[in-house]
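The values are calculated or read from the model by the stated rules, or taken from the named source; none is laboratory data. Just so it is clear, the structure is predicted and the values come from calculations on it, not from any experiment. Here Cβ is always computed from backbone atoms with ideal geometry, including for glycine, and neighbour counts include all displayed protein chains. Side chains included, ligands, DNA and RNA excluded: accessible areas come from the protein's heavy atoms. Shrake-Rupley method; radii C 1.70, N 1.55, O 1.52, S 1.80 Å.
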Amino acid sequence: MSLPASDAGTPPPPRLPGATWRLLRGEIRLIFGRRRNQALLAGLSAVPLLLGTVLYIAQDSAIGGQGPGFVGRVTGNGLFLVVAALFMCLPFLLPLTVGIASGDAIAGEAQAGTLRYLLAVPVARTRLLVAKAVATLTLVLAAVLAIAVVSVLTGGAYFGLSDVTLLSGTTVPLTDGLVRMAGVTAYVALSLTGLIAVGLFFSTLTEVPVGAMAGTVVVAIVSAVLDTLPQLAVIHPGLLTHHWLDFAEFLRVEVDGGVLGQGLAVQAAWVAVFGALAWSRFTSADVTS
């Protein structure tokens, strides 16, 4: 997609009955039909299976029951494999998934030379951008859900599922634990929405999808690095990755909705800013490929 010209004088394409839903279904089929994305989903699903297998084999050794974060709790209750697997995927693998899906959304069409034909259907650019965003979010939700479902199945098979002991030592019934794990899964997925908006913006800037993908992942990495520097504590609450691990609230007796709400508000702010930038760029750029 090349650069700056406006088609402001062109009348908007007519709205066709059901066109938006057909466009959205088409985008979702397209994003799930790509073998690269299928491989990503398969790879992410394999993480809890591999982690659970390693912990099962090592549980009677000197390292059994040990590990960073929530990993050490898995051998006592397989339900914790959900938290452990998401904890391990969140720093890099899930941002990589977001980067690949969102960075390719517009730039991939431009590189393949199909973007101008897609817009000639006719499809309003705003609707197309929204459809791309929703399809990307759907893939990310599927990725997080795949990790959670495989974690429950693997953890149950290896270690069993039982009442959940929270961080305070309080034990809650298994059904309550499952609801809390669903909350963890939903929060992790929503925590990636800001990065999706960043990726879509980068995707509108170039015809090289790899560049948009790399830029999206770099933003997540830089945010995580900045979050570790105490000298920059004043900006930490607004960083993209600062609240990613707040899903631990679901493992407390009383879930603090204020903490979770603050994390989601930060994501909403990133979505608003970079979503607006992506819309402004995409609706004013001269599409030549």
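In the condition set (1) open to solvent by 20 Å² or more (accessible area, probe 1.4 Å); (2) over 19 Å from ARG281 (Cα atoms), SER223 is compliant with all but (1).
The C-beta contact set for the range 264-285 (first residue among the hydrophobic types (A, V, I, L, M, F, W, C), second residue open to solvent by 60 Å² or more (accessible area, probe 1.4 Å) and not in a helix (DSSP H, G or I), distance under 8 angstrom, 6+ apart or interchain) comprises VAL266/HIS242; ALA285/LEU3; ALA285/PRO4. Among the criteria (1) surrounded by 16 or more Cβ atoms within 10 Å (Cβ to Cβ); (2) at pLDDT 95 or above, the one PRO209 does not fulfil is (2). Annotation note: Cβ proximity below 6 Å between a residue of the range 196-213 that is closer than 14 Å to GLU109 by Cα and a residue that is of a type in the set (Ser, Thr, Tyr) (sequence gap 6+ or interchain) occurs for LEU200/SER102; PHE202/THR216; ALA212/SER203; ALA212/THR206.
Applying the set (1) within 30 Å of ALA272 (Cβ to Cβ); (2) among the β-branched types (Val, Ile, Thr); (3) surrounded by fewer than 19 Cβ atoms within 10 Å (Cβ to Cβ) to THR97 leaves exactly one unmet item: (3).
Matching residues to (1) closer than 17 Å to ALA105 by Cβ; (2) touching a Leu at 6+ places or on another chain (Cβ under 9 Å); (3) among the aliphatic types (A, V, I, L, M):
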residue: VAL179; (1), (2), (3): no, no, yes
residue: ALA182; (1), (2), (3): no, no, yes
residue: VAL218; (1), (2), (3): no, no, yes
residue: GLN231; (1), (2), (3): no, no, no
residue: ILE235; (1), (2), (3): no, yes, yes
residue: HIS243; (1), (2), (3): no, yes, no
residue: ARG252; (1), (2), (3): no, yes, no
residue: VAL255; (1), (2), (3): no, no, yes
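All conditions but one from (1) closer than 20 Å to GLY76 by Cβ; (2) open to solvent by less than 60 Å² (accessible area, probe 1.4 Å); (3) touching a residue at least 40 places away in the same chain (Cβ under 8 Å) apply to THR193; the one that does not is (1).
For the range 69-86, the candidate set comprises residues that are in a helix (DSSP H, G or I) and modelled with pLDDT under 90; within that set, the residue that is most open to solvent (accessible area, probe 1.4 Å) is ARG73.
For the range 137-184, the tally of residues that are acidic (Asp, Glu) and open to solvent by 60 Å² or more (accessible area, probe 1.4 Å) stands at 1.
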